[in-house]
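Structure, as structure tokens:
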Amino acid sequence: MAPKKPSDSAPRSNKIRFVLVEADISDGNLSELTHAITSALKPTITPVHRQLPARQVMQALPEVSESAQEEEVDGAPDDEVQEEAGEDTPRTPKPRAKLALPKYLPDLDLSGNGTSFKDYIEAKPPRNHVKRYLSAAMWLKEHGNSPTINADKVYTCYKTASWPLGINDWDSNFRGAVKRDLMRRVSPGEYAITPIGEAALQKGDE
């Protein structure tokens, strides 16, 4: 097949634009003439704004559920919720309430009949609170004519012997001794040393 000649191709349309420029400019001011010619040759394009139907506009918008709307209105940020809950906030331990000290009994006779309380504990110094309670109860039973002991009596013994007074609850050592059968509870606040407590004191055990 013979190639097509240029004359056989489809005719092309040629667009010719003739512009007539009319400008009132001052003498020697070519910038105004240039601006007028450029404005005349620049094609004027009117922007076309396509307006979508109302149905398409609603479909294009993201759907927001009712629960999400409620969260936006009523919900608090996560950091505020955690701050209110206090999950990450370290808890400060509450200071222990200091109980009132027992009464010092100046009329309690600790001289004894033959062996004073100071001489008794110097012969065998107790080295912890349980042994000090047992020693005071034992001396009061044997030399102080007092078969029972309470917080006021043991506090007076501590003051007389110059033992450390750093005890918050003076009844706690009595309760601990009762659990170990070293003492027995005679009446509210009154305790007596048991044979097991006497044996433990003689052996030097707690």
Would you pick out the residues in the stretch 156-183 that are of a type in the set (S, T, Y) and over 39 Å from the mean Cα position of the chain (by Cα)? T156, Y158, T160, S162
Of the residues in the stretch 180-189, those that are assigned to a strand (DSSP E or B) and either modelled with pLDDT under 95 or surrounded by fewer than 18 Cβ atoms within 10 Å (Cβ to Cβ) (or both) come to R184, R185, V186, S187
Every listed condition ((1) more than 38 Å from the chain's Cα centre (by Cα); (2) within 18 Å of Y104 (Cα to Cα)) holds for V186 save (2)
Just to be sure, is K203 of a type in the set (K, R), under 23 Å from L101 (Cβ atoms) and either surrounded by 20 or more Cβ atoms within 10 Å (Cβ to Cβ) or more than 43 Å from the chain's Cα centre (by Cα) (or both)? no
Helices (runs of 4 or more DSSP H) contained in the stretch 112-179 and holding at least 1 residues modelled with pLDDT under 95, closer than 19 Å to Y191 by Cβ and acidic (D, E): 129-142
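Rundown of residues vs (1) surrounded by 12 or more Cβ atoms within 10 Å (Cβ to Cβ); (2) within 17 Å of F174 (Cβ to Cβ), yes/no style:
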residue	(1), (2)
L101	yes, yes
L105	yes, yes
L108	yes, no
S111	yes, no
T115	yes, no
A123	no, no
N128	no, yes
S135	yes, yes
E142	yes, no
Restricting to the stretch 144-173, count the residues that are charged (D, E, K, R) and crowded, with 18+ Cβ neighbours inside 10 Å. 1
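The values are calculated or read from the model by the stated rules, or taken from the named source; none is laboratory data. Bear in mind the structure is a predicted one, so any value in this text is a computation, not a measurement. Here Cβ is always computed from backbone atoms with ideal geometry, including for glycine, and neighbour counts include all displayed protein chains.
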